[in-house]
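**Student:** Structure in C-alpha cells, see below.
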Amino acid sequence: MTTTARVKVAVTAAGFTSFALLYAPQAVLPQLAQQYHLDPGGASLAVSVATGALAISVLPIAALSEVVGRRAVILTSVIVSAVLGLLLPLMPSYSLMLVLRAVQGVAIAGFPGVATAYLVERLGKVGVAAAVGAMIAGNSIGGMTGRLATGFTAAPFGWRGALYVVAGLSLVCAIVTVVTLPPSHRAPDEPRQHVRDVCVGVLHAVRKPVLLAQYAVALLAMGSFVALYNAAGFRLTGELHLSEALASLVFLAYALGSVSSALASRLSARIGRRRAILGALLTMAVGGVLTIPDSVLLFALGFVVLTCSFFAAHAIANSWAAAEAPEHARGQTGGLYTLLYYLGSSIGGAVGAVIYGTAGWAWLIVAVAVWLALAAVAVGVGTAVRVRPRELAHS
C-alpha cells in the first residue's frame, strides 16, 4: 500500500470513529427524552454538550499538536474517545452522561482539530483536496452508520445497548487508524512552535478575509445541518408517525453525502470555489423547504438534498481554508475552522431543537434559511476582498 493510500485509509477510519461516536445519541434523542422526561431541547444536550466541549478544546489541542506532533494527537484522540464510548452507557443518570459526553467531546477534538494540517504536511497542498474528500467521506459514513446502528438496535437492546454497538465499531476503526497512519512529514528546517508562535499563528489565521468566509460557512452551515437532524427524529416519530427504526432511515442520506464530498473538489475546479460553495448553500436551503409538507417522501427527498449540499459545502470550505492557511499557522487555521464548525453544531443544534419544540418545524426551516443566507453573504464579501484579475479563474 502506498503512503497516500495509507493516509486515506487512516483518516477515513478516524473520521468514522469521530463522527460515529459524536453523533450516535442523535438517533435515540426521542428515547432519551422519554426516559428522562425531557423536552427536545433538553434531550439535544446529549449531542450539543459533546460538540460544545469539542469546540472549546480544539484550539488548545491544535496548539499542542504543534509541539508534540499531529500523529500523536490523532492516535490519542481516536483511542480515548472510543474507550469513553464504551463507558457512556454505564452512566447511572442523565447528568453524569452529559459530563462524560463533554469529556468525550474533548477527546474527539484531537482528530478534526489537526487532521487537515496533518494532511497538508504529509501530502502537500496539491494532494490535500482528494485526501480531505476521503476524510469527509469517512466522517459522513461514520455519522450515517452510528445513527443507523443506534436507531435499529435501540428497539431490541435499548438505547444503552445501541450505544455499545457504536462504540465497538468505533474501537475497531480506531485500531485501523493506529496501524495505518504514517508519521507527519514536516520540512527538515521547520522548527517546532512555542506558545508565542502558536498565538501569533492564530492572529495570522484570522487576517485573511477568505479564511473568515470559510469559518462563517463552518459555523452557519453546520449549525443548520445539526439543527435539522436533531429535530428530525421528533418530527418523524411524532407528526409523521414512524417507528424509531424507520425514522433512523433518514440517516441513509449520509451515504450520498459521502459521494458529494468526494465530488466537491471536481465541481469547484470546474466552476470555481466561490460559485460551488454558494450553490451548495442555496441547495441546502431548498432541501430544508422540501421537508415542510407532512409527507414522508418529501421529507426524505429534502434530507437527501440537504445532506449532499452540506457535505459539498463543507468539503470545499475545509480544503479552501487548508490551501489558504499561512505556512506557519496551518494548525491554528484548521483549529479555528473546526472550532467554528463544532460551535455551530453545539449552538445550532440546541437552538434548533428549542425552536422546533416551541414553534414547530416550519419556523425551524425559516431560521435555517436565515443562517444559510448569512453564510452566503460572508462568502460573497470575504472572497470579493481578495479577488484580483489574475485570480479570477480560481475564485
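Read the figures in this text as sums done on the coordinates, not as results from a lab. Computed from a predicted structure; not experimentally measured. FYI the Cβ positions are ideal-geometry reconstructions off the backbone, even for glycines, and counts take in every protein chain you see.
**Student:** Extension gain L98-A369, at 0.36 nm per residue separation less the Cα-Cα distance, in nm?
**Tutor:** Result: 94.6 nm gained on full extension.
**Student:** Something else now. Once you treat every alpha carbon in the chain as an equal point and sum by Debye, what is log10 I(q)/I(0) at q = 0.06, 0.07, 0.14 Å⁻¹?
**Tutor:** With no solvent term, the Cα-only Debye profile gives -0.20, -0.28, -1.17.
**Student:** While we're looking at this one, here's another question. Using 0.36 nm per residue, how much length does the chain from L90 to A300 gain when fully extended, once their Cα-Cα distance is taken away?
**Tutor:** Result for the pair: 72.2 nm of gain on full extension.
**Student:** Working from Cα positions, state the angle (0 to 90°, nearest 10) between the long axis of helix 70-87 and the longest principal axis of the chain.
**Tutor:** The two axes meet at around 10 degrees.
**Student:** Hey, what number do you get for the chain at 222 nm if only DSSP H runs of n ≥ 4 count, each worth -39500 (n - 2.57), divided across all residues, to the nearest 500?
**Tutor:** The per-residue figure over the chain is -29000 deg cm²/dmol.
**Student:** Now, a different point. Quickly work out the T4-to-V259 label distance, labels modelled 7 Å from Cα along the C-beta direction, and quote it in nm with one decimal.
**Tutor:** The answer from the label model is 2.4 nm.
**Student:** For the pair D39/A155, report the inter-label distance in nm, with labels modelled 7 Å from Cα in the Cβ direction.
**Tutor:** For D39 paired with A155, the spin-label model returns 3.0 nm.
**Student:** What order do you get for K8, K208 when you list them from fewest to most C-beta neighbours inside 10 Å? Walk me through the intermediate numbers first.
**Tutor:** Details: K8 22, K208 19.
Fewest-to-most Cβ neighbours within 10 Å comes out as K208, K8.
**Student:** By count of other Cβ within 10 Å, fewest leading, how are V165, V120, V206, V58 ordered?
**Tutor:** Details: V165 19, V120 25, V206 14, V58 29.
In increasing order of surrounding Cβ atoms, one gets V206, V165, V120, V58.
**Student:** Could you line up M1, M222, M97 from fewest to most neighbouring Cβ atoms inside 10 Å?
**Tutor:** M1, M97, M222
**Student:** What is the distance, in nm, between label points placed 7 Å from the Cα along the Cα-to-Cβ direction at T76 and at R270?
**Tutor:** 4.3 nm
**Student:** Report ³J(HN,Hα) in whole Hz for each residue of region 56-63, in order, from the Karplus equation J = 6.51 cos²θ - 1.76 cosθ + 1.60 where θ = phi - 60°; Gly and Pro get x.
**Tutor:** 5, 8, 5, 5, x, 6, 4, 5
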